[in-house]
Amino acid sequence: MGSTFGALEIGKSGLAISMKNLQIAGHNITNVNTVGYTRQRVISTAKPPAGSSYLIAQIYNKQTGQGVESGNVQQIRSEYLDQQYRKLNSDYMQSEHTTQALSYLTGLHEELKDDSSMTSSIKNFFAALGKFGEDTSSKEYRTNVQQQAVSMTQNFNYVYNEMVSLWKDQNNSVSTVAQNINAAADQIAQLNQSIASYERLGETANDLRDQRNVLLDQLSGLVNISYSVNPDNTSMVDISIGDAALVSGANANQIAVTQSATNDPLSGVPRYELTLDGKALSNTGADARVTGGELFAHMHMLSGDQADQAGIPYYMNQMNTLVRTIAKNINDIHAQGFTYPDGTNASKQGVNFFKVANGAGGTPDYTTITGGNFSISDEVRDSIYNIAGSSVQVSLTDPSTQTGNNEVALKLFQDLNNSDYYGQLNSTVSHLAINMSTSQKGLDVTEALVQNVDKQRSSISGVSVDEETTNIIMFKQAYSANARYITTLDDMLSTLISNTGRVGL
């Protein structure tokens, strides 16, 4: 021990470190319910002995026992678990929003419902055609065919238009998520600057770092991100989406949201396109930069038109294929038959049952039919007598042709079995069910994984009130012991000063 007064300095340093530990323990407890807070601890080390001018020097008594000194206040956090959590959180949010969209599609295609389902409407339409084949002159049967056809087309219209609405919602969500990413990037860039400014003084901006970590967690759910320490300033982090820079130090790039020059062929509205750092943000192709998070889920639902990567366009195209097949097959048969005279209009041939626009050369262009515009022709809508059921012309003035025959009506009815519409529709519904089930299982797995990692993070970074209470007791005892140590030294000094030079006492 170098001197008596040096011993007082040792006690003083003990009081200071005990007080600082008490303050940090209190800070931890008060933030026990603060979202994203990371528990902290004081890093303390023994003060090194006084320096020597020699390379190798003997350590004398006066060079030891210098007390304790406090370093920075350190966060108890695992960088590895942070990385794992953010990767899994990106996968989880992707699965969650994909499952939500597929769940809505599944509800639209629910085929176990009542007569409002597409399967039931097809069944009812062809059942009406079967009755029509029994008596093609019956006004009741003709009306039933017309109304069941209207009901069938309206069911397809409803489901298709709901899919269009879902597509538009997903498209708008792309823009919304991009704006949320921009907002988070701005905040992180500002925190980078604040943390760097504070830490230039040698302290650690733990609470600001907590805010930045919360934003990184949130950002990982929006889109796949990679991040690293800024090479020029270790207090800052840089963030990128693929190879496109989002945050560089104190600067944040913004995702530019624009609309495509042409309308989407299925929805009829322009799709939002994203650009970052001069690079297109796409979820498909060799240069795909968006590979996870909520943004990927919305983009995937907008663009998935293949069976192995099915999104909304795939199921819209499947419906379009089905209604085009129904319209063409029924029209081809119906146009061969003759309508029924109504007293004003004579029996005629060549009438389409379903509406179809003419293409080049006046040939019907069935590619113009979609689930959204699928409808009966104007002729059939205007008069039930324009439904053709006979293969010969019907003339009310000729007793032999007053009713015609039912050959065309029977062919219309038989088309249900010949064309396997149920099979086409069931194939689409089954594909959607499998897609939904796979997505739900993926969601369940990623949810369990992200919760498990988050639990591990919390066990390391979270505040335990019991542990902190124990620390308070321990640091209080240490403070009291250091105070008692100083009191003892004071008594020793008092005795020394009072009695030095006095003889016989």
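The values are calculated or read from the model by the stated rules, or taken from the named source; none is laboratory data. Computed from a predicted model, the values in this text were never measured in an experiment. Cβ: placed from backbone, ideal geometry, glycine included. Neighbour counts: every protein chain shown. Note: areas computed on protein heavy atoms with side chains; ligands, DNA, RNA excluded. Shrake-Rupley method; radii C 1.70, N 1.55, O 1.52, S 1.80 Å.
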Failed item in (1) of a type in the set (Val, Ile, Thr); (2) buried (at least 21 other Cβ atoms within 10 Å of the Cβ); (3) farther than 30 Å from ASP207 by Cβ, with ILE239 passing the rest: (3)
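Per-residue answers, yes or no, for (1) under 19 Å from PHE296 (Cβ atoms); (2) touching a Cys at 6+ places or on another chain (Cβ under 6 Å); (3) in a strand (DSSP E or B); (4) modelled with pLDDT under 95:
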{"site": "LEU219", "(1), (2), (3), (4)": "yes, no, no, no"}
{"site": "ASP232", "(1), (2), (3), (4)": "no, no, no, yes"}
{"site": "SER235", "(1), (2), (3), (4)": "no, no, no, yes"}
{"site": "ILE239", "(1), (2), (3), (4)": "yes, no, yes, no"}
{"site": "VAL247", "(1), (2), (3), (4)": "no, no, yes, no"}
{"site": "GLN254", "(1), (2), (3), (4)": "no, no, no, no"}
{"site": "THR262", "(1), (2), (3), (4)": "no, no, yes, yes"}
{"site": "SER267", "(1), (2), (3), (4)": "no, no, no, yes"}
{"site": "THR275", "(1), (2), (3), (4)": "yes, no, yes, no"}
Within segment 358-369, considering residues that are assigned to a loop (DSSP other than H, G, I, E, B) and either of a type in the set (Gly, Ala, Ser) or free of Cβ contacts under 8 Å to residues at least 12 places away in the same chain (or both), the one least open to solvent (accessible area, probe 1.4 Å): GLY359
Cβ pairs under 6 Å, 6+ apart, first in segment 123-141 and free of Cβ contacts under 8 Å to residues at least 60 places away in the same chain, second buried (at least 17 other Cβ atoms within 10 Å of the Cβ) and not in a helix (DSSP H, G or I): none
Options LYS123, LYS131, LYS168: the member that is among the basic types (Lys, Arg), under 18 Å from SER267 (Cα atoms) and in a helix (DSSP H, G or I): LYS168
Candidates ARG200, ARG271, ARG209, filtered to the one that is basic (Lys, Arg) and out of contact with any strand residue (DSSP E or B) (no Cβ under 8 Å at 6 or more places or on another chain): ARG200
Qualifying residue in segment 316-337 (condition: closer than 16 Å to ILE122 by Cβ and either part of a loop (DSSP other than H, G, I, E, B) or acidic (Asp, Glu) (or both)): no
Given (1) more than 25 Å from LYS123 (Cβ to Cβ); (2) surrounded by 21 or more Cβ atoms within 10 Å (Cβ to Cβ), number of the condition GLY372 does not satisfy: (1)
Output for segment 8-45, where each listed residue is small (Gly, Ala, Ser) and part of a helix (DSSP H, G or I): GLY11, SER13, GLY14, ALA16, SER18, ALA25, GLY26
Where a residue in segment 251-268 is open to solvent by 50 Å² or more (accessible area, probe 1.4 Å) and its partner, wherever it lies, is of a type in the set (Asp, Glu) and in a loop (DSSP other than H, G, I, E, B), with Cβ under 6 Å and at least six apart: ASN253/ASP277
The lone exception for THR136 - which of (1) buried (at least 22 other Cβ atoms within 10 Å of the Cβ); (2) within 26 Å of LEU432 (Cα to Cα) it fails: (2)
Any pair with Cβ under 8 angstrom, 6 or more apart, that starts in segment 93-110 at a residue that is free of Cβ contacts under 8 Å to residues at least 24 places away in the same chain and ends at one that is crowded, with 17+ Cβ neighbours inside 10 Å: GLU110/SER117
Those residues of segment 428-455 which are free of Cβ contacts under 8 Å to residues at least 12 places away in the same chain and small (Gly, Ala, Ser), in sequence order: SER430, SER437, ALA448
Flag for GLY107 being more than 30 Å from SER390 (Cβ to Cβ) and not in a helix (DSSP H, G or I): no
Close pairs (6 angstrom Cβ cut-off, 6 or more residues apart or separate chains): under 16 Å from GLN254 (Cα atoms) in segment 224-239, among the aromatic types (Phe, Trp, Tyr) anywhere: ILE239/TYR227
When residues of segment 148-173 are limited to those that are of a type in the set (Gly, Ala, Ser) and under 20 Å from MET301 (Cβ atoms), the one least open to solvent (accessible area, probe 1.4 Å): SER173
